[in-house]
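See structure below.
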């Protein structure tokens, strides 16, 4: 890679390289007889890299998001600038932080949650109650009982946590309302 930072041009390069790699893999698949599950997961991962990189570029390009204005001050596409930025004291670094809304933050959270590693099982329970589960095809064809049970237990723990949290919030709300409307 030419750019090793985390700015607009770095994500453009990452997106273009992912797209180029997808084309090469598809070309390879058209010429070689290979099982679908050997290369398709890599193509899907590259597609995620391409899509998320483009999403991040759209965020970085939005008006009012650029914290610097002057690219000479904080060119986050430059690896040396990024190294210096990471070593800034918190107060100084805050001057360069992006002011993102919830939707924009979710793009970064999604990128972090999904990552690029091959996942056997992954379940994400979102704040809105959505549950997303990903299972690699190779694993789904030959599952390991222990891992399935561990995954099932993790989902149960997560759901119980949310139930308990909601119960606490409801009881807190009832107590607060009870203070304003005491029973006769």
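Laid out as a table, the results:
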read-out: Yes/no for residue 77 being at pLDDT 80 or above, touching a helix residue (DSSP H, G or I) at 6+ places or on another chain (Cβ under 8 Å) and either surrounded by 13 or more Cβ atoms within 10 Å (Cβ to Cβ) or part of a loop (DSSP other than H, G, I, E, B) (or both); value: no
read-out: Given (1) surrounded by fewer than 12 Cβ atoms within 10 Å (Cβ to Cβ); (2) at pLDDT below 85, index of the condition residue 89 fails; value: (2)
read-out: Residue in the stretch 146-153 that is modelled with pLDDT of 70 or more and within 21 Å of the chain's Cα centre (by Cα) present; value: yes
read-out: Matching entry among 41, 67 (being surrounded by fewer than 16 Cβ atoms within 10 Å (Cβ to Cβ), at pLDDT below 85, farther than 25 Å from residue 104 by Cβ and in the same structural domain as residue 108 (by TED's automatic domain parsing)); value: 41
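The values are calculated or read from the model by the stated rules, or taken from the named source; none is laboratory data. Every value quoted in this text rests on a predicted model; they were computed, and no experiment measured them. Cβ sites come from the backbone with ideal geometry, for glycine too, and all protein chains shown count toward neighbours.
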